[in-house]
Amino acid sequence: MAIESDIDAMILGAGGGGYPVAFRLAKNGQSVVMADPIGNLGGHCLAEGCGPSKTVREASLARTWPDKYPLLGLRGTKPDADWRAILAHKDRLQSSRYAQHRVQIEQSSIVFHKGRGRIVDERTVEVTTEEGKLYRYHAKHLIVATGSRPHILPIPGAELALTSHDFFRLGADLPFPRRLVAIGGGYIGLEIASMLQNLGAEATVLEVTDQILPGVDAEIASFLHNALARRIRIPVHAKVTAIERGMTGDLRVHYEQAGETKSIETDCVLMATGREPVLPEGLSTLGFPTEGKIGVDDRLRTQHPHIYAPGDVNGRSMLFHSAVYQSLVAAEDILSEGRSGKTVDFESIPFTVFTEPEVAWVGQTEAEATARNVATVTSTYSYRKDTRAQIFDEDGFIKLLFEKEACRLIGAQIAGIEAAQLIAPLALAVRGGTTAATLSYMAFPHPMISEGINHAARAVGL
Ligand SMILES: Cc1cc2nc3c(=O)[nH]c(=O)nc-3n(C[C@H](O)[C@H](O)[C@H](O)COP(=O)(O)OP(=O)(O)OC[C@H]3O[C@@H](n4cnc5c(N)ncnc54)[C@H](O)[C@@H]3O)c2cc1C
């Protein structure tokens, strides 16, 4: 027998797309129920994504510091990687953040269920909790923030591959993969290959298209490919056809490249062929597709104006900070009954790849601007001219793209150290349509890489 209630908002999924709208509505006096089978906040970002993967990545990066010792005049040896201890540090991060989130939930008026939601009709959702209780909620607003899951290639032996979940889930206990083959040269495959190689693994990334980071600015992709190729094998045009386990227990990945059939032996195969939206049961009865993305407008409204779909589930920009931003815009839209005028500016959402070296970008690329018939001016600042980059003997670049007429920034790409930090002020500049002149008549701290923004802007703004 279901326990029935009328509420203001029902939120399915407590990740970056779900919890910000939940807290915002609850703070404004709305009755809010949120459900998530994970039973805490953070979704897959905390369960297996951003925080946990970056904890392992920071350990791997710290291990590379001794590579610079001779340059800096220091002596010392490279530390051994204790994989169990690295995973334990990751677990600590996840546990402490979950504890923090439990307090936040307790201190709010949100009713939170550890359970899965099912759509009954356009205003009704049923939640079955972990203990088997059934709740039926009639809600004025429904927020579908059910996120995404790894896409699994439909090939023989796919079940032998691991996903990011196996590496980064709380309590992950896989042995250190001495040899890794990542299927897919997107950011997840590249980041994991980069960090494991830095921890001592031999890594290969197989990419089916002609470049890593498909669809990304070719200069950024090519810079990263060349930098990573010094320590990781990255065959492109490599179409994986099967995975099999050999007699000795080793895995073998078969692929086709330039008409030839090839294979690689490995200890561990990572399936990193992208992520696909997760749709809650029953959604298709409301006229939504049975699989794929949920279509939304820039206010995150779906084809039913009282149903919102922020985050990975709409496939527009599958990143945690984007999900949070979308969730907050959805909240504003609900609270203002559509009058706030707030929309998501998808163009100014920065993208970061935490490989070593890092790359990051925001806004349009030259190719996109050309396709839109926008005349542009590009300015590139080389890290080779930069004081801080010279201290570390690091290569890289900051590329700024201005539309020609008013010289406003419409895009930026950064490759090299500190790219992920540096992209934030450039996202702000893209969002505000900042001109090259404004970026020129500013002082960025010396001697930091951010000065490169001044230099690149001055090359066109003065
Ligand atoms: C390895 C990895 C590394 C990443 N690194 C980064 C990074 O460094 N920076 C970054 O910005 N992004 C990163 N991401 C992406 C980021 O994790 C996602 O963009 C983000 O989690 C999206 O948030 P979301 O709320 O839309 O979806 P999710 O985090 O997927 O959350 C959706 C939630 O919905 C729940 N759910 C599903 N079905 C139901 C249902 N029927 N009822 C109730 N609840 C349901 C799920 O349990 C889940 O908790 C990474 C992802 C991975 C896999």
* Among the residues of segment 44-98, write down those that are in a loop (DSSP other than H, G, I, E, B) and more than 16 Å from the ligand (Cβ to nearest atom). => G73, L74, R75, G76, T77, K78, P79, D80, A81, D82
* Structure fact -> For segment 68-91, pairs from a residue that is farther than 18 Å from P177 by Cβ to a residue that is aromatic (F, W, Y) and surrounded by 12 or more Cβ atoms within 10 Å (Cβ to Cβ), with Cβ under 8 Å and 6 or more apart or across chains, are K68/F392; L71/F392; R75/Y69; G76/Y69
* **Residues within segment 357-372 that are buried (at least 19 other Cβ atoms within 10 Å of the Cβ) and among the acidic types (D, E), tallied** => 1
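The rows are residues; the columns are (1) over 23 Å from P156 (Cα atoms); (2) modelled with pLDDT of 95 or more; (3) in contact with an Asp or Glu (Cβ under 7 Å, 6 or more places away or on another chain); (4) of a type in the set (D, E).
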position: I188; (1), (2), (3), (4): no, yes, no, no
position: L196; (1), (2), (3), (4): yes, yes, no, no
position: G200; (1), (2), (3), (4): yes, yes, no, no
position: T204; (1), (2), (3), (4): no, yes, no, no
position: P214; (1), (2), (3), (4): yes, no, no, no
position: L228; (1), (2), (3), (4): yes, yes, no, no
* Tally the residues that are surrounded by 23 or more Cβ atoms within 10 Å (Cβ to Cβ) and more than 11 Å from the ligand (Cβ to nearest atom), restricting the search to segment 144-161. => 1
* Checklist (1) touching a strand residue (DSSP E or B) at 6+ places or on another chain (Cβ under 6 Å); (2) at pLDDT 95 or above applied to V236, failing item -> (1)
* Asked: What are the residue pairs meeting all of these: first residue in segment 331-344, first residue at pLDDT 95 or above and exposed (fewer than 15 other Cβ atoms within 10 Å of the Cβ), second residue outside any loop (DSSP other than H, G, I, E, B) and of a type in the set (A, V, I, L, M), Cβ atoms under 7 Å, and 6 or more apart or on different chains?
  -> T343/V329
* Across segment 295-316, what is the number of residues that are touching a Phe, Trp or Tyr at 6+ places or on another chain (Cβ under 7 Å) and either crowded, with 23+ Cβ neighbours inside 10 Å or at pLDDT below 95 (or both)? -> 1
* Where a residue in segment 420-440 is closer than 14 Å to E403 by Cβ and in contact (Cβ under 8 Å) with a residue 24 or more places away in the chain and its partner, wherever it lies, is among the aliphatic types (A, V, I, L, M) and in a loop (DSSP other than H, G, I, E, B), with Cβ under 7 Å and at least six apart -> T435/A406
* List every residue pair whose Cβ atoms sit under 9 Å apart, with the two residues 6 or more apart in sequence or on different chains, where the first one lies in segment 279-293 and is closer than 17 Å to L142 by Cβ and the second, anywhere, is among the charged types (D, E, K, R) and more than 13 Å from the ligand (Cβ to nearest atom). => L279/E291; G282/D121; S284/E291; T285/D121; T285/E122; L286/D121; L286/E122
* Scan segment 58-77 and give yes if some residue there is of a type in the set (V, I, T) and buried (at least 17 other Cβ atoms within 10 Å of the Cβ), otherwise no. => no
* **Criterion violated by Q104 - all others in (1) more than 13 Å from the ligand (Cβ to nearest atom); (2) crowded, with 18+ Cβ neighbours inside 10 Å satisfied** => (2)
* Limited to segment 383-440, what total is found for residues that are touching a strand residue (DSSP E or B) at 6+ places or on another chain (Cβ under 7 Å), surrounded by fewer than 19 Cβ atoms within 10 Å (Cβ to Cβ) and among the small types (G, A, S)? -> 3
* Asked: In this structure, does S164 turn out to be hydroxyl-bearing (S, T, Y) and surrounded by 22 or more Cβ atoms within 10 Å (Cβ to Cβ)?
  -> yes
* Asked: Residues in segment 1-43 that are under 26 Å from the mean Cα position of the chain (by Cα), buried (at least 19 other Cβ atoms within 10 Å of the Cβ), under 14 Å from F112 (Cα atoms) and within 13 Å of the ligand (Cβ to nearest atom): how many?
  -> 18
* All but one of (1) assigned to a strand (DSSP E or B); (2) within 14 Å of the ligand (Cβ to nearest atom) hold for H141, so report the exception by its number. => (2)
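The values are calculated or read from the model by the stated rules, or taken from the named source; none is laboratory data. From a predicted model like this one, the values you see are computed outputs, not experimental measurements. Methodologically, a virtual Cβ is constructed for each residue, glycine included, from the backbone with ideal geometry; neighbour enumeration extends over all protein chains shown.
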